[in-house]
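Q: Supplied in structure tokens, the structure appears directly below.
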Amino acid sequence: MEKRIINPWQWQQQSAYHQAIEVRQPSATLYCAGQAAIDADGVPSTGDMRAQLQQVLSNVEQVVTAAGYQCRDIVQLRVYTTDTAALFGPAGCFDVFTEWVSRHAIQAAATMVEVTFLAYEGLKVEVEAIAVR
């Protein structure tokens, strides 16, 4: 598999994503369902945005690796949040996301969307991923 990054601009680099990723000659593609802050027993988190985002990214990582992929194989991320300010604001926790992306050398196109409700009451963030190898 070969990945080509397309960034006609440079401003997005601070946000840990790319405008587009071209994948050539993939051997397999993994489509991950949205991962929320739900533990291994199926119990939704009651934590704050930071704690939930950490659990969400851990869940994404677990699904990706359980399928035999590595996080660096992720080429698309979709982040859904019920509270954009808590995620991106001055006191937000977007650093958790950017650090995770950097740690795993993820080069992905990304979309961030504010929604009014996630699967369970109290959930604040959910992430979908597509990985290719």
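The values are calculated or read from the model by the stated rules, or taken from the named source; none is laboratory data. Remember, predicted model here, so these are calculated numbers, not experimental data. Here Cβ is always computed from backbone atoms with ideal geometry, including for glycine, and neighbour counts include all displayed protein chains.
Q: Count, please, the residues in region 4-19 that happen to be surrounded by 14 or more Cβ atoms within 10 Å (Cβ to Cβ) and either farther than 15 Å from Ala110 by Cα or among the aromatic types (Phe, Trp, Tyr) (or both).
A: Number of matching residues: 1.
Q: Give region 95-109 a look and list any residue that's over 16 Å from Gln52 (Cβ atoms) and not hydrophobic (A, V, I, L, M, F, W, C), or say none.
A: Thr98, Ser102, Arg103, His104, Gln107
Q: Kindly state which strands (runs of 3 or more DSSP E) lie completely within region 1-119 and contain at least 2 residues that are within 12 Å of the chain's Cα centre (by Cα).
A: 29-36, 74-81, 109-114
Q: Restricting attention to region 20-54, and to residues there that are within 22 Å of Arg4 (Cβ to Cβ) and among the aliphatic types (A, V, I, L, M), which single residue is surrounded by the most Cβ atoms within 10 Å (Cβ to Cβ)?
A: Ile21
Q: While we're here: Answer with yes or no whether Gly89 is surrounded by fewer than 17 Cβ atoms within 10 Å (Cβ to Cβ), out of contact with any His (no Cβ under 7 Å at 6 or more places or on another chain) and at pLDDT 95 or above.
A: Taking the combined requirement at face value, the residue does not satisfy it.
Q: Mind checking which residues of region 24-48 are touching a strand residue (DSSP E or B) at 6+ places or on another chain (Cβ under 6 Å) and modelled with pLDDT of 95 or more?
A: Thr29, Leu30, Tyr31, Cys32, Gly34, Gln35, Ala36, Ile38, Pro44
Q: Now, a different point. Restricting to region 60-70, name every residue that is buried (at least 17 other Cβ atoms within 10 Å of the Cβ) and touching a residue at least 60 places away in the same chain (Cβ under 8 Å).
A: Scanning region 60-70 gives Val60, Val64, Tyr69.
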